[in-house]
1. Among the aspartates and glutamates, which have Cα under 14 Å from the Cα of K351 when same-chain residues fewer than 8 positions away are ignored?
2. Go ahead and set up a Gaussian network model of the chain, Cα springs under 10 Å, then flag whichever of P370, P110, P402 fluctuates most.
3. Starting from the Kirkwood Rh over alpha-carbon pairs, what translational D in µm² s⁻¹ does region 313-438 have by Stokes-Einstein at 37 °C and 0.692 mPa s?
4. Counting other C-beta atoms within 10 Å, which of S263, S53 has the fewest, and how do the rest follow?
5. Could you work out which residue, out of R287, R314, R415, moves most in a Gaussian network model of the chain, that is, has the largest mean-square fluctuation with Cα springs under 10 Å?
6. What distance in nm separates the two pseudo spin-label positions at D343 and R314, each 7 Å out from Cα along the beta-carbon direction?
7. Let me have the relative contact order for region 35-194, percent, based on Cα pairs under 8 Å that are six or more residues apart.
8. Taking the Cα of E74, stepping 7 Å toward and past its beta carbon, and measuring to each backbone N in region 191-226: which are under 13 Å?
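Each reported figure results from applying straightforward, stated rules to the coordinates on display, with no laboratory input. Everything quoted here is computed from the prediction, not taken from an experiment. Cβ atoms come from the backbone with ideal geometry, glycine included; neighbour counts cover every protein chain shown.
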Amino acid sequence: MIRRLSTGVPRRLQDQWNVVIHSTKTKSQSPSPLMYAVKDNIATGGETTSCGSQMLDNYQSPFDATVIDLLNKEGFQSIGKVNLDEFGMGSATTNSWYGPSVNPVYQDEPHVCGGSSGGSAAAVAANLCDFSLGTDTGGSVRLPAAYCRVYGFKPSYGRISRWGVVAYAQTLDTVGIMARDIDTVERVFDIVDKYDESDPTSLPNTLRDQSVEQPKNYVIGVPLEFNVDELCTEVKQEWIEALEYLESQGHKVVPVSVPSIKSSLPAYYTIATAEAASNLSRYDGVRYGFSGGVGDFATTLQRSRDSLGDEVQRRIILGNYTLSSASGDHYKKANEVRRTLADQFNRVFSKKHCLLDNDNCGRCDALLYPAAFGPPPTINEFEAETRENFVNGYVNDIMTVPASLAGLPTITVPRGLGLQVSAQYNCDATALAVARLL
Ligand code: GLN
């Protein structure tokens, strides 16, 4: 299925990594300014958009996502659709109908790429393309970027259109960009950072922060709640060195506290699974998707939905429980945590939040903290841990879900094992500028 891509990377390696799951036929012979890979939950017209699922194995979208349209108008050329955790659910790209992708950075035993945009990170790390698109609901661009040692930028929620992006959890889903250098991230962001009337959550032009003017010296906050026991020594060391480096360059480093970071993981998994259960109810094998054949309605539906993988089925069950009266008010409580967290983040920044009206009195321009606890596990280690308890697969997201819940622009910088820079909502240019300093 994998075509030899014109990147000079041998087919043997491309097969071994299992990154490109559907390749794109070259549409034009004209030299293209940039080549890119697309996470297979972003619609590309007339091509397969499988979401890494047997359910959509043969599904072809009739249209391009807005983000693809914008890139193609620039003359950029897609190399194809890349692997992901089924419907974006996972942290390792091991939950795909097409099998796990292998991290190209590690030559010995196969290591995970991170997830769920593991194919997007691996494609960039392996030099198969200049940049890639991923989606980030709770860290799916930033964690694989750290594991594959590339840049991974999740813009503010609402800055890049979600039209044509298959919904996992719609209040969190954000299209992200991965590349080996920050110039490419900025160049691509500039192209896709557009208001889109097809996406009701697209941030209106009147609210978008257009200012590119940046201070000479930044105030960098260090959220103490991210200093968790699970961080390995190397990650802690790199975090400290980066902060010392920024200080030596004349920037100010200040400790800050965002107490609700500690409640983020359960709030995230409550909200994300509830939204997922609702979004995935459309896959019944009747209108489209894998069909369990002809029979009575209940049997056909059950057979069709059985084509969904274990993790997706688990989340549908969790989400439907949360949304049922049996759970009490879990969903409401999780959203209260989310709102408190957003307020607490807001209070550490000096710039005003364009959507929240409460005052912020902080002095930070940006926050700096690790993207992952340590290096990626091997695929065998990861699978053994999650078999023991599926929650083990969720724990790594502690570092990434808080910025998702608050919608903050956040970028993983491939320094050491990966550091994240977050800025105030809608101050995407600041996150990118601080990342550039590192
Ligand atoms: N690992 C998280 C999850 O499974 C994040 C996934 C994502 O950002 N798409 O929900």
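1. Excluding near neighbours in sequence, the set is D209, E213, D343, D359, D365, D428.
2. In the Gaussian network model the winner is P110.
3. Numbers: Rh = 16.8 Å.
Value of D from the Cα-based Kirkwood radius: 195 µm²/s.
4. Working: S263 19, S53 28.
Ordered by Cβ neighbours within 10 Å, fewest first: S263, S53.
5. R287
6. Placing both labels 7 Å along Cα→Cβ, they lie 3.4 nm apart.
7. Details: 416 pairs, mean separation 36.4, N = 160.
Across region 35-194, relative contact order equals 23 percent.
8. Flagged as within label range: 191-194.
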